[in-house]
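Read through the structure below, which is laid out as structure tokens, and then see the notes.
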Amino acid sequence: MQRSRTLVVIGIHREELAFGREVVRGLPIGEVDVLEIPDGLSGRRPLPDQSFRYGTLHRALYLQLLPYLGPSHRLLIDLHSGFDDEGPSADLLCGDGGLRTRLHDILDEQGADAPLEQVRIVPLGEAGVVQARTVIPSEVWHSPAFAYLGLEIYLPNSAEGRARGVILARSLIRIAAVCAPEHVG
Ligand SMILES: [Zn+2]
């Protein structure tokens, strides 16, 4: 059987696992591979005196993902969720310039299941942006073997808005899977 080129990881932050499960449950079987983290970290912002520990635990957990990336995988999607009263909205965090361009083109052409202004593509690894994301080690977001895409879906506080967020997340995962590079590096 042909393995998928895309691995979606859910539950890096345990508070967000239920949302991740809901999203992947609705994806066509075989379109992506899914890795569920059963006992993720807390995604709550650390207190200042805990930020070292927060960073260390995150780096260790992200490094543990590496053995799960098989030889067919060219794209790692790291699914998260947060809050946005005006949402659903999304950030696509990506350090691969080629992948950013393809995402941009497809979103321009066909859109996602949300107004385009609700979806932002954020370059990783450039000055000013990476500071907030240093908890992800460069072995993960800047690998020669696969591209990394952090997918943050921001949900409003209503059942209807959350449902739209689930649909938006699925739509963005499918778009990204189409954009997964044939080769990296
Ligand atoms: Zn998260």
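Bear in mind that the values in this text are calculations on the coordinates, not laboratory data. Keep in mind that this is a model prediction, so the values were computed, not measured. Using ideal geometry, Cβ is built from the backbone for each residue, glycine included, and neighbour counts are taken over all protein chains shown.
A few remarks follow.
- Note on Glu86/Leu57: beta-carbon distance plugged into 1/(1 + (r/R0)^6) with R0 of 30 Å gives a FRET efficiency of 0.45.
- In a fully extended conformation the segment linking Ser138 and Ile29 would gain 36.2 nm over its present Cα-Cα distance, using 0.36 nm per residue.
- Relative contact order of the chain: 30 percent, from C-alpha pairs under 8 Å at least 6 residues apart in sequence.
- Counting 0.36 nm for each residue step from Arg21 to Asp105 and taking away their Cα separation leaves a gain of 27.4 nm.
- Gyration tensor (alpha-carbon) shape descriptor, the chain, a/c threshold 1.5: rounded
- Only Lys, Arg (+1) and Asp, Glu (-1) charged, at Cβ; the chain dipole about Cα centre in debye: 460
- Sites matching trypsin sites (Lys or Arg not before Pro) across the range 1-79 that sit in DSSP coil, with at most 14 neighbouring C-beta atoms within 10 Å: Arg3, Arg44
- Antiparallel content of DSSP bridges confined to the range 6-179, in %, to 5: 25
- Magnitude of the charge dipole, the range 44-114, Cβ model with Lys/Arg +1 and Asp/Glu -1, debye to 20: 600
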